[in-house]
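As C-alpha cells, the structure follows; a few thoughts come after it.
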Amino acid sequence: MDSASSFQTTNETQRIYSLYNNSDLRPHLSPESDETDEYLLSGHVDRYGNVETDSLPLKQLQLKPGKKKFLRLDKAAKHLTQRVFYAQDIARFNDCDIFTPHLSSINIAKAEDKENNRAKKWIDMCQVRMESGNQVFEFCLNKKLIRRTFKGVPDCWRSTAWSSFLGINTEKKALTEQYHRLCEMECAYDIQIDLDVPRTAASHILFRRRYFGGQRSLFRVLHAFALFMPSIGYVQGMASITVVLLSYLPEDSAFLALVAIMEKHGMQKLYTLGFTNLLTAFDTLKNELEYLPTGSKLSDLGIEPSAFVTRWYLTIFHQCVPFHTQLRIWDVLLLMGSDADKTIRLLQAVALALLRGLEEVIMDTDFEGAMQALSGTIPVQNDNALMAHVKQYWHEMPSEAFERRTREACGMVH
Amino acid sequence: MTSPRRTLLKVVILGDSGVGKTSLMNQFVNHRFSREYKATIGADFLTKELEVDGEAITLQLWDTAGQERFQSLGVAFYRGADCCIVVYDVNNAKSFESVENWRSEFLEQTSSLNNNAFPFVILGNQIDKDPSKRTVPLNHALSYCKNQGGNLTHFETSAKDGTNVSIAFESIARSALENSSHEDYASDLTGSISLLNNTNESGSCAC
C-alpha cells in the first residue's frame, strides 16, 4: 500500500470512527431513507427484539407437507416468542441500555406459569456474595445446573447466568479500563467493521438505527476486540456473536464476554489465520457423519461440511436456526464449553443434531434441495427435541458410540 | 413427461466485502433488492434456471465471503467452477484494485490447466450512485480487461435498479456453457460435443 492510499485509509477510518462516536456528525436522513421512527419501530416485535418484516429476504427451508414429523410445534415455545414489546422497552434501546425483557409482558398465562416456575428454581440455585461492596451472582457447576441449562435458562436469568458462566460477573476493572482505552485508539479494521455493523442484525430492534444505539455499541466492541487480539483482529462472524451478547449485556460487559468466549472458551482457535482448526473441525465432523445416514447421503451428493458449516460455527448458529433455538444452544455452550476442545465438541454435537433433525428432508432431496436446506435458516420449532439430541452427541459422538458397541460385542464373545 | 435435459453450470462470485455480490445474485435470481442483506459468512448458494441459445441451463451460483482471509476456505467452493464472476464497486477504487488479486487467487487455487481460457466476468457494480462518487472510470476497467489477455468480459451493473443484471448473467451463463463444453471435450474424447472453438482465445470485452 503506497503512502497516499494509506493516508486515505487513515482518513476513512477516522471518518467512520467519528460517525459512531459523535452525535453531531450523524449524516442527515434523506427523504427516501426508510430510517424513520415509524419504519424502525413498525412491525411485530417478538420477545427477543426481532422485528418481523416482509422486506427481509431471509432464506428459509420450505417443508413439504408430511415432512413436519420431526419439527413438531411446541405450543408453549411458540406463544413465548409471540410476546409483544411495550413502548417503554423500545424507548430504552435509544440509550443502548441493557436488554432484559420483562417476564410480566407474557400474555399467555400457561407459558408464563411455566417460565415463572423455572425462574423460581433458578433463584434457588443462584448464590449471592459480596465483592468490594457489589453483589455477585454465581451458579455452582453441578449436575442440577447442567440439567437445567440443557432445558434452557429462563430468559429473565440469561444475562445473570451467562455472566456467571463466562466468569465476567466478578469485577474486571483492569480489562474494563483497557476496553475504554482501546475504544479511543485507531483500528485498521474499522472499514470492514463499518460494512458489517448495519447488515449483521438488521431485523433486531436494537441494531436498526444507522450509527446509533446498538450499532454504536456493536462497532465499539468489535473495534476494541480487534485491537485487543491483534493476532486475529476482526473476522466476519464475530459481529454475529457480539450482537447476541449485546442483546443481553451492557456494552462493556459484552466486550468482557466476547473476550471470554474467544480466550477461555477457545473460539479464537476457529478464527485463526488460515482457518486451520476450522478445517480440522470440518474433517472431524465429516468423520462423525459417516455413522449417520445423512452423512453418506451428503457424500453421495458431493456436499462437504465446509459448504455449510463455516457459518454455523463462526457465528455460533446466528440466523442458522430461529433466535429462540440459538439461545438454547448458547446457554449450553457458555456453561459447558469451558475450553476450546469442549466448545468445538459442542458445536459438532449441535451440527450433528441439526443434520439428524434434517434427515428426512436430506434423504429425500437432491444437491440443490440439500444445499438450500443447509444454507438457510433451519425452522426448528421444538427446541427441546433438538437439545436432547445435542446432549446425546455431547456425551457420546457417533464414532464413540460405534466403538463402545464394538467393545461390548467383543466382550460378549469372550 | 418430456423435460429437456438441463445442463448444470457452476459459477463462483468473488470480490471485496460490500461491493454487492449477494445483492447482484438476488437481483438476478429473485428480481429484488433489499438494503437489509446480511454479511455472507463462508459461502451462500442459489440456483437459477434459464435458457441460453435454446439450451436449458441450471446456474448454480456460489456467493462467497468478501473478507480477504476467507480466501483460504475458498478452494472447496472454487472446485469445478465453469465461470468466475469478480465484482467491484465503481465508487471504491480499492475494490477494483483487488479484482486482479481475486482472479489470480482463484486461478492458483483451482490450478486450471489453461488459465487464459478460463472465463471471468468482471462486474462494476453500484452505478446507480451519484456519478460524482465514481472513482473507477469505465475505460480503466476496459483497459484492464484488455491488457490481461485472458478470457475476460466486463459489464457495469446496478443490483439496486437492475441495470444490466440480466444481460450480464446471460453472458456469464454463455461463458460457463462454452467453458464446460471445452472441459467435456477434453475429458471425454468419445463425446459428440462439437462446440470446441479455439478462435475465442483473444481477450474480448463486451460492453
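Rule-based calculations on the coordinates, nothing more; no lab input. This structure is a prediction, so every number in the text was calculated from the model and none was measured. Quick reminder, even Gly has a Cβ in these numbers, built from the backbone with ideal geometry, and neighbours come from all protein chains shown.
How charged is the neighbourhood of residue A:319? Take every other residue with its Cβ under 9 Å from the Cβ of residue A:319, and add Lys/Arg as +1 and Asp/Glu as -1. Taking every Cβ under 9 Å from that of residue A:319, the sum is +2.
Only Cα pairs under 8 Å and 6+ residues apart enter the sum, and on that basis the relative contact order of the stretch B:89-178 stands at 33 percent. For residue A:215, the shell of other residues with beta-carbons less than 9 Å away shows a net charge of +4, using +1 for Lys and Arg and -1 for Asp and Glu. Averaged over peptide A:192-204, the number of partner chain Cβ atoms lying within 10 Å of each residue's Cβ comes to 4.
With respect to chain B, whose longest principal axis is taken over its alpha-carbon atoms, helix B:165-187 is tilted by about 40°.
Each peptide in B:149-155, A:124-130, A:338-344 gets a packing score, the mean of other Cβ atoms within 10 Å over its residues, and the list from highest to lowest is B:149-155, A:338-344, A:124-130. Among the listed pairs A:120/A:143; A:151/B:38; B:38/B:160; A:143/A:286, which have their C-alpha atoms separated by more than 27 angstrom in this model? Pairs exceeding the cut-off: A:151/B:38; A:143/A:286. Within the listed set B:133, B:146, B:94, the Gaussian network model of chain B (springs between alpha-carbon atoms below 10 Å) gives the highest mean-square fluctuation for B:133. Protection proxy ranking of A:290-299, A:353-362, A:252-261, by the mean of other Cβ atoms within 10 Å over each peptide's residues and highest first, is A:252-261, A:353-362, A:290-299. The mean count of C-beta atoms from other chains within 10 Å of the C-beta of residues in A:225-235, rounded to a whole number, is 1.
Distance distribution note for chain B: the fraction of Cα pairs above 20 angstrom is 55%.
Evaluating kT/(6 pi eta Rh) at 37 °C and 0.692 mPa s, with the Kirkwood radius of the stretch A:171-265 over Cα pairs in the Stokes-Einstein relation, gives 251 µm² s⁻¹.
Along the stretch A:185-190 the Karplus relation, 6.51 cos²θ - 1.76 cosθ + 1.60 evaluated at θ = phi - 60°, assigns HN-Hα couplings of 7, 7, 9, 5, 7, 4 Hz to successive residues, with x for each Gly and Pro.
Taking amide H as placed 1.01 Å from N in the peptide plane, the amide H of residue B:122 sits under 5 Å from that of B:86, B:153, B:154, B:155, each at least 5 places away or on another chain. Coupling constants for the stretch A:130-136 follow from the phi torsions by the Karplus curve (6.51 cos²θ - 1.76 cosθ + 1.60, θ = phi - 60°), and in residue order they are 9, 9, 6, x, 10, 7, 10 Hz; glycine and proline get x. Here the stretch B:7-181 is treated with +1 on each Lys and Arg Cβ and -1 on each Asp and Glu Cβ, and its dipole about the Cα centre works out to around 360 debye. Per-residue shielding of B:65-71, expressed as the average number of other chain Cβ atoms within 10 Å of the residue Cβ, stands at 5. Note on the stretch A:171-265: with charges restricted to the Cβ of Lys and Arg (+1) and Asp and Glu (-1), its dipole about the Cα centre is near 300 debye.
Based on Cα contacts under 8 Å between residues 6+ apart, chain B shows a relative contact order of 23 percent.
Of the residues B:23, B:175, B:166, the one that moves most in a GNM of chain B with alpha-carbon contacts below 10 Å is B:166. Charge dipole of the stretch A:266-413 (Cα centre as origin; +1 on each Lys and Arg Cβ, -1 on each Asp and Glu Cβ, all else neutral): 420 debye, rounded to the nearest 20.
Over chain B, DSSP H runs of length four or greater, each weighted -39,500 (n - 2.57), average out per residue to a 222 nm ellipticity of -10000 deg cm²/dmol.
Amide H contacts of residue A:204 (H built 1.01 Å from N, in plane; Pro and chain starts excluded): A:51 sit under 5 Å, all sequence-distant by 5 or more or on other chains. Normalised by residue number, the volume inside the convex hull of the Cα atoms of the stretch A:270-409 is 115 Å³ per residue.
Restricting the GluC sites (Glu not before Pro) of the stretch A:155-241 to loop positions (DSSP other than H, G, I, E, B) with no more than 13 neighbouring Cβ atoms within 10 Å leaves A:171, A:186.
Ranking B:107, B:73, B:61 by how far each Cα lies toward the positive end of the dipole of the stretch B:7-181 (charges on Cβ) leaves B:73 at the top. Charge tally for residue B:95 (other residues, Cβ to Cβ under 12 Å; Lys, Arg +1; Asp, Glu -1): -3.
Only Cα pairs under 8 Å and 6+ residues apart enter the sum, and on that basis the relative contact order of the stretch A:171-265 stands at 29 percent. Packing here is the average count of other Cβ atoms within 10 Å per residue, and on that basis the peptides A:12-21, B:33-42, highest first, run B:33-42, A:12-21.
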